[in-house]
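Okay, so here's the structure we're looking at.
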Amino acid sequence: MILEDLIDLSLRIKDRVTEYLGSDEELDYASEGGDLVRAVDEAAKLEVERWASASRRPSILSEENGFIKGEDVGLILIDPIDGSSNADRGIPFSCISIAYSLSNSIKDLSASVILNIFSGDLYYAERGKGAYKNG
């Protein structure tokens, strides 16, 4: 079930940020990770927050959002816009990167999703079940 949730989240973020691709709009504050926040980052951050509050979710650790305490077990690690500067400039090398761990340790990673924001190519993997592209 978690893999489908990760895919759903990545698609929601992509839908939310599409209008900001190539906008090159910077906002006047830094993310939890210390980077200058761009409009595309803020749109992704808001979608992560909306998704996290929708129902019982694992905790989330995100470059844009910091730590969001969840009600379910596990931890979702996410870089909502990996390559923000490229996305801002319309350079087609940017993706959404998400991974899920059964605990708070990287050694327990069990699923991951990478979605190319520009091409829509979806890469995903689940421990013990293989890795796939688009399907």
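Quick look at the values:
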| item | result |
| --- | --- |
| Residue match in segment 101-108 (condition: modelled with pLDDT of 90 or more, part of a strand (DSSP E or B) and within 26 Å of Ala131 (Cα to Cα)) | yes |
| Residues that are more than 26 Å from Gly70 (Cβ to Cβ), in a strand (DSSP E or B) and touching a residue at least 12 places away in the same chain (Cβ under 8 Å), drawn from segment 109-135 | Asn116, Lys133 |
| Those residues of segment 57-75 which are within 14 Å of Leu6 (Cα to Cα) and either under 9 Å from the mean Cα position of the chain (by Cα) or not aliphatic (A, V, I, L, M) (or both), in sequence order | Arg57, Pro58, Ser59, Ser62, Gly74 |
| Filtered residue count, segment 23-55, keeping only those that are modelled with pLDDT of 75 or more and in a loop (DSSP other than H, G, I, E, B) | 1 |
| Qualifying residue in segment 75-86 (condition: in contact with a helix residue (DSSP H, G or I) (Cβ under 8 Å, 6 or more places away or on another chain), surrounded by 13 or more Cβ atoms within 10 Å (Cβ to Cβ), at pLDDT 80 or above and part of a loop (DSSP other than H, G, I, E, B)) | no |
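The values are calculated or read from the model by the stated rules, or taken from the named source; none is laboratory data. Note that the coordinates shown come from a computational prediction; the quantities given were computed from them, not determined experimentally. Here Cβ is always computed from backbone atoms with ideal geometry, including for glycine, and neighbour counts include all displayed protein chains.
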